[in-house]
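*Asks:* Structure provided below as structure tokens; questions to follow.
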Amino acid sequence: MVHHNITIALDGMIRDLGPEEASQVSKDDERKGNVTYGIDDTPPWYLCIFMALQHYLTMIGAIVAIPFILCPALCMQETDPDRSNIISTMIFVTGLITWLQCTFGCRLPIVQGGTISFLVPTLAILGLPAWKCPNEETLAAMTDEERRQVWTSRMCELSGAIAVSALFQLFCYFGIIGSILRFVTPLTIAPTVALVGLTLFDHAAEAASQQWGIAAGTFTLLTIFSQCMGEVKIPTVAYKKGSGCGVSWFPLFKLFPVLLTIAIMWTVCGILTVTDVFPAGHPARTDLKVNIIQDAPWFRVPYPGQWGVPTVSVAGVLGMLAGVLACTVESISYYPTTARMCGAPPPPLHAINRGLGTEGLGTMLAGLWGSGNGTNTFGENVGAIGVTKVGSRRVVQWAAALMVLQGVVGKLGAVFIIIPQPIVGGLFCVMFGMISAFGLSALQYVNLNSSRNLYIIGFSLFFPLVLTRWMSAHSGRISTGLEALDAVLQVLLSTSILVGGVIGCLLDNLIPGTDEERGLEAWAQEMSLEAAGVSEHGDTYDFPVGMSYIRRWKWTTYLPFMPTYEAGKFSALFKRKKDS
């Protein structure tokens, strides 16, 4: 093959590119041909606002889904106004960590926020005898202050467990992920992520069964809007400078399928409420929890320890560590996918280290703030980049600002609490299914004609469901003589994502199989850790400030989270010192 030099203009100067640089330019052009705005592009500010609103509306559905499962497990009343404060706290922390991640973390346009992955260990912890809710008669006899004490004590236990377990991800700043990345294979990712959705089917069934007609209408409309009408555009009046008002075609169903579904079904519930088709107290009535909006403050700034001082227990920390590990595995698979969608080079090892470390920092802050959850990369927003072809990190930074603003306006958070429960159940049926499907999509890299792989997949998916279901029904059967150890084993064995991930990882790394059969060759191409990340603006994964100093200092090449990090240099230096 004959390679030709290419001449380009750079900062007002003309220079010749060699064959390797020319090839890199060709790859950059190929990536950017698939997106409207690339990762380093800056759209006009007025477009940024609307694009940021799209990201905000995409993530809000996943955020508000969490308290619908978390709050009942905390023994909170359905009409407790603090439910809206928990949502506001989640959104506030999401905004802070999203901005930090986009600006100084992995530098990819991803949204970091509350995750379903932490609900699995949370429910296992709250299922321990010490934290199970009192019976309804006992709760009904309590005063408001006593009832508040019941759920805040459980929230403090979760807060401490989440904050301490996040230390594992914080260590990723220092390169721990580089040494274990070879063990995180597609057959580890598939059961870990898939079980997040599969384990929560009981909660989807419980919410949807309160009015199956409304729930069925919800997932039917969502299916029609998102899968059948994605390419349908509606005419809208738009103003263009120089040409005045005109008609443009807007992809409404592609951009807002969830919002449209909620709005329509909420309206249906409102009509059935006004006409008294639903009797008083029915879970599908729209006036059931209106007092939450009335009681919520207009402005409230969330702060660390707002529910009390976090408490720490060994069982809680080890249980939450399962959620941290699941999020780590999930994010590792999201990073290269996001980079490809927004026209960026594959993330190098230092960007992955920094991204996972920043995610750990976000989880720690989420715990200390009292959100009752951790942080993880939102798959919904990764999908939004693929749909809208807008991969600019500036857009997500604007979205983070919107989240912080919404987090301090209390009544906005309260609005989402009053969504009728059957609508939420219908959304759960789709959302949890999509999470499971994303986990199973990792199997595209492995040979599914291999009986070895089929054995690992089947056992790592099925056995955790069997074990955790049995543990839930027999919570007192473990008796080692040490109460603390009993609690630890109860939580660990009740956490399906941990059991499935460990089984998948062990079997895939112990049972003989070729690299091609295990999908390691295809996965290695997806995770191009040595990518330089260069674009015409400099390095895509550089810090926005201070790079002139960082490149001047030699010691930064030894730090695994620095953009100048050279993998293997630290170990080579240590070996030279040892030999001398």
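*Asks:* Using protein chains only and a probe of 1.4 angstrom, how many square angstrom of Trp369 are accessible, to the nearest 10?
*Replies:* Near enough 40 Å² of accessible area.
*Asks:* Using a Förster radius of 41 Å, what is the FRET efficiency between Thr223 and Val314 based on their Cβ-Cβ separation? Nearest 0.05, please.
*Replies:* Details: r = 44 Å, r/R0 = 1.08.
With R0 = 41 Å, the Cβ-Cβ based efficiency is 0.40.
*Asks:* On to the next question. Give the calculated FRET efficiency between Trp212 and Phe543 to the nearest 0.05, with a Förster radius of 56 Å applied to their Cβ-Cβ distance. List each step's numbers first, then the result.
*Replies:* Details: r = 52 Å, r/R0 = 0.93.
So the FRET efficiency works out to roughly 0.60.
*Asks:* So what is the accessible area of segment 337-409 per residue, in Å², with the probe set to 1.4 Å? Please list the in-between numbers first.
*Replies:* Details: 1590 Å² over 73 residues.
Heavy-atom SASA per residue in segment 337-409 reads 22 Å².
*Asks:* Given a 1.4 Å probe and every protein chain left where it sits, what share in percent of the accessible area of segment 262-316 is carbon and sulfur? Mind dumping the intermediate values first?
*Replies:* Details: 2180 of 3110 Å².
Here it works out to 70 percent.
*Asks:* For a paramagnetic label modelled at 7 Å from the Cα of Ala130 toward its Cβ, which residues of segment 309-335 fall within the zone defined by backbone nitrogen distances under 13 Å?
*Replies:* 311-319
*Asks:* Roll a 1.4 angstrom probe over the protein heavy atoms and tell me the percent of accessible area of segment 434-526 that is carbon or sulfur.
*Replies:* Details: 3250 of 5060 Å².
Using a 1.4 Å probe with all protein chains present, segment 434-526 comes out at 64 percent carbon and sulfur.
The values are calculated or read from the model by the stated rules, or taken from the named source; none is laboratory data. The structure presented is a predicted model; accordingly, all values stated were derived computationally and were not measured. Methodologically, a virtual Cβ is constructed for each residue, glycine included, from the backbone with ideal geometry; neighbour enumeration extends over all protein chains shown. Surface areas here come from the heavy atoms of the whole protein model, side chains and all, with no ligands, DNA or RNA. Shrake-Rupley method; radii C 1.70, N 1.55, O 1.52, S 1.80 Å.
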